[in-house]
Amino acid sequence: MRKKCVVWAVVLCGAISSHAQVCQPEGMAFRVKEEAFNRSQVEELSQFMTDELGPRLAGSQMSERAERLVVDRLKEWGLANPRAEVASEYPKGGWDNEKNYVAMTFPYYCSFAANPKAWSGSTDGLVKGECMALDVKTKSDLEKYRGKLAGKIVLMPVQQEYQISYEPLASRYTDAQLQRMTQDRRPGKRRQASDGENWKAMQELQHAVSLFLKSENVLAVVCGGGTFNVPTSRRVEYKIGDSQPVPEIILPIEDHGRMVRLLNRGKKVEMELDIQNRFTETRHVNNVIAEIPGCDSKLKNEVVLIGAHLDSWHGGTGGADNASGCIVMMEAMRILRALGISPRRTIRLALWGAEEQGYYGSRGYASTYLYDSKKGSALPGYDRFALYLNMDFGSGRFRGVYLEENDQAVPFFETWMKPFKSLGFTTLSPFKVGSTDHVSFSVLGLPAYQFIQDPLEYDRTYHTTMDTYERLSLEDLKVNAAIVAWLTLNAAMDDNRIPAKPGYPEAYSRR
């Protein structure tokens, strides 16, 4: 009797395992780790993506240069069909900063670390002028400045004040924090009240201020943004065909605040500026694409997609945001290529354009291959979409995956992640997250995911002029590249794939 029970148990377990999720062999995991850790090209690739490529503002000449150099690198690796592919029309056009000098000259001389706002205008060579602080809370407040600002350098009100923090500048997730991420929040979620009216009013006021200052012929506008004497990166509203905007400069809050305080105390302040920017009529955004073709007669047209955005802001070299993601995704492709793997499904790398300006690249890809929003219907690529993996939360190590409330993905990742749990890759969170390119696909119900990443110092450094090579954690990038290569391989080889969310894409068309 005991022997019969054992036999039946073995038969039952065999029947269950034949339908269970399958992971690639441990020997293959060993090969991926060997290539990723002992023959890594992460350090060289990190210098290439930051120091060599430089800033990559969407539509800029620097961005187009970066695309060419990256395509050349992918060709060198022997990836299939590397190209810069038009993704979307781009109304903003191109903009490159070519000179940037900003200083206070009275009551004493002090040169500043400054950052021109993207798509703002140039000065007429070196200009000097007296500063005036603006205090505008409503459109009617503008009238008190009419006729008084010509030839002046206008300092906008202080919007950010420094607060001493006793938290570490960089951090990693604790076990307790990761555990909280595994708890499903959906039962307790409440619909947030819309803040649309306040946002609209703020935008209207900013637009009115910009028009007024231009009509008053000010020399330049100076704003505060960024702490520790490091300015942030921002933009002005501009599209091809508009007249050139007023020069606008961002100073760190320490320098901006110093001059505003002097002016508010009745002291005279003067500055000199030499800002030269170049506008180009770049009318489209590209994605950089390359592939490892699938070899299975039934599955080769299905696509496992991995990606990160190639564009950056103009102040630094886009190290953590998002050269780090490009480095990981490119290195993952190099690893798979170096191992000579012939996947069943096609593996496609996409380095997106203009994520920082509104997901132009990934949205363009989705509208070209996956879903026709005008017709409200799926395209052939929708049913061939196997998985998308995205990296855009800095340079920190992967700790798990945000599953976008798709419970169907759990058994796949639980199985695939086992060989990398010893490296801290352990957490599956049901949370939905936003603010990056996976949203272009997850909103369609497709299996598209952003990784849970250690924060490191990301919140302090991204979108600032200090986002450079130094913000990269090379050890973490090596681990991340190995994980991406492994998950991608499993998704490309599995008999099954993570399904789209039930009810999609019809649910998207009803939004």
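Please treat every number below as a calculation from the coordinates, not as lab data. For clarity, every value in this text was computed on a predicted model and none was experimentally measured. Heads up, the Cβs are rebuilt from the backbone with ideal geometry, glycines too, and the neighbour counts pull from every protein chain shown.
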task: Run through all the Cα pairs of segment 117-257 and give the fraction in each 5 Å bin from 0, expressed as whole percent.
output: 2, 8, 13, 16, 16, 12, 9, 8, 7, 5, 3, 2, 0
query: Regarding segment 263-339, what is the average projected area of its C-alpha convex hull, in nm²?
result: 10.3
- line: For segment 466-511, shape from the Cα gyration tensor axes a ≥ b ≥ c, cut at a/c of 1.5 then a/b versus b/c, turns out oblate
message: At a 10 Å Cβ-Cβ cut-off, how would you order M132, M330, M466, M271, fewest neighbours first?
response: M132, M466, M271, M330
- prompt: Along the charge dipole of segment 403-493, Cβ charges K/R +1 and D/E -1, which of T426, Y462, M493 sits furthest on the positive end?
  reply: M493
query: DSSP loop GluC sites (Glu not before Pro) in segment 225-264 with at most 14 other Cβ atoms within 10 Å of their Cβ, which ones?
result: E237
- prompt: What Rg and what Dmax come out for segment 271-429 when only alpha-carbon atoms are used, in angstroms?
  reply: 18.4, 68
- prompt: Mind checking the dipole of the chain: about its Cα centre, +1 per Lys or Arg Cβ, -1 per Asp or Glu Cβ, Debye to the nearest 20?
  reply: 1400
task: Stick to Cα atoms and the Kirkwood definition of Rh, then tell me Rg/Rh for segment 129-206.
output: 1.21
statement: For E216, the net charge from surrounding residues (Cβ-Cβ under 13 Å; K, R +1; D, E -1) works out to +4
- prompt: Two-decimal Rg/Rh of segment 211-355 from alpha-carbon positions, Kirkwood Rh?
  reply: 1.19
query: Cα extents of the chain along the three principal axes, largest first, in whole Å?
result: 99, 49, 48
Burial order of peptide ranges 356-363, 239-246 (average beta-carbon count within 10 Å, highest first): 356-363, 239-246
- prompt: Per-residue ellipticity at 222 nm for the chain, helices alone: DSSP H runs ≥ 4 residues times -39500 (n - 2.57), over residue total, nearest 500 deg cm²/dmol?
  reply: -9500 deg cm²/dmol
field: Mean-position separation - Cα centroids, segment 296-360 and segment 450-499, in angstrom
entry: 11
- prompt: Sorted by mean Cβ packing within 10 Å, highest first, what order do the peptides 159-167, 223-231, 419-427 take?
  reply: 223-231, 419-427, 159-167
Given charges at beta-carbon only (K, R positive; D, E negative), |dipole| of segment 343-397 in Debye: 280
field: About the Cα centre, charge dipole magnitude for segment 384-511 (Lys/Arg +1, Asp/Glu -1 at Cβ), debye
entry: 260
task: Provide the packing ranking of 272-283, 300-311, i.e. peptides ordered by the mean count of other C-beta atoms within 10 Å per residue, highest first.
output: 300-311, 272-283
message: Counting C-alpha atoms alone, how compact is segment 338-423: give Rg to one decimal and Dmax as a whole number, in angstrom.
response: 15.8, 47
